[in-house]
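A short worksheet on the structure shown next.
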């Protein structure tokens, strides 16, 4: 009779230990690509832009609008835009300060066309590494910033053929 309570205690201990181990192995940031963490790094660059003016082009734009309380848009073409005009328009708009690209193509509205991506990589500063260092993990997004008052023309006006 003494063996039954001892066996039950061991089974419960094993189950509890297994559950604790599994809970420790679960990802801490399920479906958190890094937009919330990016907010801390980009907020100072957006401080002087009025909340109603578009200052961010981003994947999952509503989420990024929410965190720093600034207006964000997806990477889609806007009314009247063409793929040929958009890179130059984005490069010339000094109020656009933060650019977020979806790294894994899993977020809505997440990636610019090749011409805009080339402009981002040549004319802005990527801060993804800084954000990842603070978060202690790889982000699902890449974050680029442009300092206020710095404009670099877009050299590549059209997307490469192919």
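Values quoted throughout were computed directly from the atomic coordinates according to the rules given, and no laboratory measurement underlies them. What you see is a predicted model, and the numbers here were worked out from it, not measured in a lab. Please note: Cβ atoms are built from the backbone with ideal geometry, for glycine as well, and neighbour counts cover all protein chains shown.
Quick notes
- Qualifying residues in the range 116-140 (those that are free of Cβ contacts under 8 Å to residues at least 24 places away in the same chain, more than 14 Å from the chain's Cα centre (by Cα) and in a helix (DSSP H, G or I)) - the one surrounded by the fewest Cβ atoms within 10 Å (Cβ to Cβ): 133
- Of all residues in the range 33-65 being farther than 14 Å from residue 141 by Cβ and surrounded by 14 or more Cβ atoms within 10 Å (Cβ to Cβ), the one that is nearest to the chain's Cα centre (by Cα): 65
- The set of residues from the range 75-99 being under 17 Å from residue 114 (Cβ atoms) and surrounded by 19 or more Cβ atoms within 10 Å (Cβ to Cβ) comprises 75, 86, 87, 90, 91, 99.
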